[in-house]
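The values are calculated or read from the model by the stated rules, or taken from the named source; none is laboratory data. This one's a predicted model, so the numbers in the text were calculated from it and none came from an experiment. Glycine also receives a Cβ, built like all others from the backbone with ideal geometry; neighbour counts cover every protein chain displayed. Just so you know, the surface numbers come from the protein's heavy atoms only, side chains and all, with ligands and any DNA or RNA stripped out. Shrake-Rupley method; radii C 1.70, N 1.55, O 1.52, S 1.80 Å.
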2 protein chains.
Amino acid sequence: MTLVNMESWKVELVKNLLKRIHEGADPESLKREFGEVLASINPAEIPLIEQQLVREGVPIQEILRMCDLHVALFRDYLVSRELRGVPEGHPLDLLLRENELILRQAEQLGVVANALARAGDEEAGPLLQQLRVLLSNLRAVRVHYRKLQMLLFPYLERRGIVAVPRVLWGREDQVITKLRALLKRVEGELPPEEAREVAREAAGLASELAELVFRENKILFPALWALMSEGEWAAVAEEARKIGYLVEVKEVWGPEAEPILPYQAELRVEEGSLERVPPEFRAAAAWAEPDRYKLVREGDLSLGTGFLSPGEVKGIFRALPVEVTFADASDRVRFYSEGRLPPAFVRTQTILGRNLLYCHPPRLERLVRETVESLKRGEIDYREFWTRIDDRVVRVFISAVRDEDGRYLGALEVVEDFTEALRKPEEVLKKVVVL
Amino acid sequence: MTLVNMESWKVELVKNLLKRIHEGADPESLKREFGEVLASINPAEIPLIEQQLVREGVPIQEILRMCDLHVALFRDYLVSRELRGVPEGHPLDLLLRENELILRQAEQLGVVANALARAGDEEAGPLLQQLRVLLSNLRAVRVHYRKLQMLLFPYLERRGIVAVPRVLWGREDQVITKLRALLKRVEGELPPEEAREVAREAAGLASELAELVFRENKILFPALWALMSEGEWAAVAEEARKIGYLVEVKEVWGPEAEPILPYQAELRVEEGSLERVPPEFRAAAAWAEPDRYKLVREGDLSLGTGFLSPGEVKGIFRALPVEVTFADASDRVRFYSEGRLPPAFVRTQTILGRNLLYCHPPRLERLVRETVESLKRGEIDYREFWTRIDDRVVRVFISAVRDEDGRYLGALEVVEDFTEALRKPEEVLKKVVVL
């Protein structure tokens with residue numbers, strides 16, 4: 001990106017505004033004064049203006065401090081007109097606020113990275129340390145992307161809009177992959193030349209981060225706002241709690257509609273909503289073929305986090321890489337799994353209904369009794385033992401099974417072979433890949 | 001045990017018979033000739049007679065070779081009259097044959113152990129090697145005990161006879177514990193003095209093994225034979241296949257009754273059977289209070305290896321030390337578990353019904369697709385990946401889920417934290433205990 005597209009008087013104006021902010025002027029009153037001009041400026045170009053300021057002698061630390069204010073200055077550009085009605089505390093409101101934060105951090109990263117890329121050998125050290133801190137803070141950006149990937153994209157997919165979320169996820173993934181690689185490279189000390197090279201890549205990352213912010217704010221979010229119902233947003237708000245936000249949630253949004261998860265409805269692009277969808281999105285939305293997969297089938301078990309047929313439950317226990325035995329609250333064996341692997345402890349149908357204590361040699365009776373009693377009293381949630389079976393090392397994990405209200409339903413024994421991990425950890429660690 | 005209780009003419013007779021067997025005489029014709037006398041001799045005393053023979057100059061290797069024949073000689077004593085009607089291939093028949101094998105091995109162990117205990121420094125080495133082999137072969141005895149502990153004792157417990165199986169299991173456990181300790185001690189070379197001490201303990205183990213054989217054959221088995229119905233034995237025969245036998249199963253027993261597992265019936269000591277129960281067992285049997293626990297409850301899922309209520313299924317998935325996600329045969333996510341631990345990969349209700357491929361970044365799409373396709377085509381049963389999540393190392397285990405007939409039901413992702421095992425294997429191995 002260059003400044004070629006920007007008239008030079010605008011550049012001068014922005015530089016001037018930034019300087020005035022730096023001298024203490026209130027961004028809000030500047031906005032009132034220069035609102036119209038500002039709205040026509042793409043904030044993606046700010047980093048380039050900042051570089052000019054640095055070259056004109058404004059210290060980097062001053063520029064960094066200003067980044068917080070720039071976002072305020074350009075908020076009108078950042079949040080498109082269609083999104084003005086989003087209630088405070090609504091998931092979309094919080095996502096927009098997260099994007100302000102990300103943009104600020106990206107801007108700071110850009111300033112430091114550009115400075116480092118041009119720095120002399122003796123300045124490189126302290127700038128690298130600043131870069132390290134900024135990159136490390138950016139790790140949290142995954143929390144933002146995850147909400148898009150896990151909470152919002154499914155609502156698009158359900159409507160048959162599949163390509164757009166795939167492309168966005170691809171970009172987000174690139175950002176995360178680059179961030180990871182950069183974090184690895186700056187782990188130790190670097191010679192100045194390499195530090196400058198890392199800085200050039202970090203500057204690239206900063207632009208990508210900012211660009212994603214603009215894409216979301218200008219295209220994705222307006223589209224979601226046009227397409228999704230209040231009930232869908234209510235479900236997003238609920239599930240988002242498992243992931244969390246990068247920003248403080250001050251105002252809690254209280255939706256009136258019941259939450260609707262993607263599988264709970266046949267979702268489609270409503271006729272009326274199409275025109276409110278940004279043009280970049282319209283073709284995809286217009287041609288989308290709704291997904292009609294029915295999740296819940298006759299006879300399914302409702303498990304709170306999904307639905308399984310009895311046959312699937314059976315199959316899943318068989319497929320687990322662990323051996324499971326369950327005794328209920330009266331210590332009777334009610335179930336054991338038969339795995340694919342030769343069992344660590346043989347279990348047979350004759351032990352069904354048997355008292356847990358009688359399944360062990362008398363030598364272990366006290367240990368078993370005490371463990372189960374501690375589980376029942378809630379003193380512990382689980383206890384693990386490590387033992388040898390022939391030449392294998394296995395973990396015996398004894399866990400309380402409780403219902404949603406914490407009531408004791410029984411004890412679960414989970415036996416698992418750890419031989420490979422314990423005997424050849426280096427070889428296992430060699431297999432580690434980035435997923 | 002000493003020979004004090006045995007008249008000296010009997011000792012001489014047995015020594016004579018053993019010598020004649022050693023010279024090639026047929027045990028069966030000797031049995032016909034001396035049947036009545038033999039029936040009055042306790043085979044537990046044979047090892048002591050053998051020691052006399054060794055002292056009188058019969059080489060140990062000859063005595064060892066005879067051990068096979070002694071058991072034939074004393075079979076009438078070994079198998080009590082009440083058990084004569086047991087059909088060939090019946091679980092009890094096979095258990096009796098296992099006991100013949102165990103007795104023979106115990107006898108050999110006794111011979112070698114006693115010889116080593118008295119051996120000079122230069123003979124100790126080869127005898128120790130023999131001892132090592134015999135002890136190692138005896139490991140398999142667990143297969144015998146396991147059938148008692150897992151298949152037969154539950155039928156006694158269900159009838160309210162609890163103490164007898166506990167005591168027997170205690171003895172069996174002692175034998176196994178001693179065997180394990182001895183195997184550990186003879187792992188490397190030993191100075192002669194220590195070898196002799198080990199030998200004395202091994203001789204003790206040999207007597208304990210033999211004594212258990214007699215207890216089972218004289219007390220436990222006749223009691224079970226009197227108490228258990230054909231259907232119960234049919235279930236034992238079926239389940240015993242999972243454990244296996246120490247002896248070759250030539251004749252397959254074909255019961256006429258339907259198998260009855262302990263939980264499937266309210267079992268009691270029938271009036272008529274009490275008098276056929278050996279006296280040592282009678283009091284316990286007469287006073288036993290039958291166990292009335294009902295395994296199967298209204299609404300339970302029948303899982304082939306047990307019964308669980310939907311609430312228990314939910315609770316078990318929550319209690320597992322692994323994270324589970326399941327997508328069905330059409331690649332749609334149908335279930336994920338929420339564990340006690342912070343999740344490695346966040347999953348939310350919005351992914352229910354979602355296409356598996358869309359749950360990953362596009363970068364992994366090919367890998368996911370290829371893995372799932374190989375599972376579907378049955379080329380592989382599972383595939384594992386190791387990866388890092390922040391500072392944790394996790395295994396991602398992708399497994400096919402199939403029904404009993406091998407039909408593909410879906411793919412299961414099992415994610416588990418292996419950080420501790422991989423990073424501090426020595427510390428985990430330090431926790432290993434004998435269970």
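Every residue in segment A:38-61 that is of a type in the set (A, V, I, L, M) and modelled with pLDDT of 80 or more, please.
A:ILE49, A:LEU53, A:VAL54, A:VAL58, A:ILE60 - these are the residues of segment A:38-61 that are of a type in the set (A, V, I, L, M) and modelled with pLDDT of 80 or more.
Among the residues of segment B:168-226, which ones are within 18 Å of B:PRO43 (Cα to Cα) and among the charged types (D, E, K, R)?
B:GLU208, B:GLU211, B:ARG215, B:GLU216, B:LYS218
Of the residues in segment A:312-327, how many are more than 7 Å from chain B (Cβ to nearest Cβ) and open to solvent by 10 Å² or more (accessible area, probe 1.4 Å)?
Count: 3.
Sort out which residues of segment A:328-357 are at negative phi, within 7 Å of chain B (Cβ to nearest Cβ) and crowded, with 22+ Cβ neighbours inside 10 Å, and write them in order of number.
A:ARG334, A:PHE335, A:TYR336, A:SER337, A:THR348, A:GLN349, A:THR350, A:ILE351, A:LEU352, A:ARG354
Of the numbered conditions (1) modelled with pLDDT under 95; (2) touching an Asp or Glu at 6+ places or on another chain (Cβ under 9 Å), B:GLU404 fails exactly one; give the number of that condition.
(2)
Kindly provide the set of residues from segment A:45-81 that are among the polar types (S, T, N, Q) and open to solvent by 40 Å² or more (accessible area, probe 1.4 Å), ordered by number.
So the first thing to find is which residues in segment A:45-81 are among the polar types (S, T, N, Q), and the list is A:51-52, A:61, A:80.
Once the filter is applied, which keeps residues that are among the polar types (S, T, N, Q) and open to solvent by 40 Å² or more (accessible area, probe 1.4 Å), segment A:45-81 yields A:GLN52, A:GLN61.
Against the condition facing chain A (nearest Cβ under 9 Å) and β-branched (Val, Ile, Thr), how does B:VAL372 come out, does it pass?
Here the answer is no, as B:VAL372 does not meet what is asked.
Keeping to segment A:208-248, report how many residues are hydroxyl-bearing (Ser, Thr, Tyr) and buried (at least 17 other Cβ atoms within 10 Å of the Cβ). Walk me through how you get there before you give the answer.
Step one: list which residues in segment A:208-248 are hydroxyl-bearing (Ser, Thr, Tyr), which gives A:229, A:245.
If we keep only those that are buried (at least 17 other Cβ atoms within 10 Å of the Cβ) as well, we get A:245.
Residues flagged as hydroxyl-bearing (Ser, Thr, Tyr) and buried (at least 17 other Cβ atoms within 10 Å of the Cβ) within segment A:208-248 amount to 1.
Is it true that A:LEU73 is modelled with pLDDT under 80 and over 32 Å from the mean Cα position of the chain (by Cα)?
No.
For segment B:249-296, enumerate the residues that are in a loop (DSSP other than H, G, I, E, B), closer than 30 Å to B:GLU100 by Cα, open to solvent by less than 40 Å² (accessible area, probe 1.4 Å) and within 14 Å of chain A (Cβ to nearest Cβ).
Once the filter is applied, which keeps residues that are in a loop (DSSP other than H, G, I, E, B), closer than 30 Å to B:GLU100 by Cα, open to solvent by less than 40 Å² (accessible area, probe 1.4 Å) and within 14 Å of chain A (Cβ to nearest Cβ), segment B:249-296 yields only B:LEU261.
Considering (1) open to solvent by less than 50 Å² (accessible area, probe 1.4 Å); (2) without any contact (Cβ under 8 Å) to a residue 40 or more places away in the chain, say which one B:ARG32 fails and leave the rest.
(1)
Hey, can you tell me all the residues within segment B:187-198 that are open to solvent by 20 Å² or more (accessible area, probe 1.4 Å) and either closer than 29 Å to B:ALA265 by Cα or assigned to a helix (DSSP H, G or I) (or both)?
B:PRO192, B:GLU193, B:GLU194, B:ARG196, B:GLU197
What is the number of the single condition among (1) out of contact with any helix residue (DSSP H, G or I) (no Cβ under 8 Å at 6 or more places or on another chain); (2) outside any helix (DSSP H, G or I); (3) more than 7 Å from chain B (Cβ to nearest Cβ); (4) crowded, with 17+ Cβ neighbours inside 10 Å that A:PHE307 does not meet?
The single condition A:PHE307 does not satisfy is (3).
Got a number for residues in segment B:116-169 being among the β-branched types (Val, Ile, Thr), under 16 Å from B:MET228 (Cα atoms) and facing chain A (nearest Cβ under 10 Å)?
1
Tally up the residues in segment B:107-128 that are more than 26 Å from the chain's Cα centre (by Cα) and polar (S, T, N, Q), please.
The number of residues fulfilling the criteria is 1.
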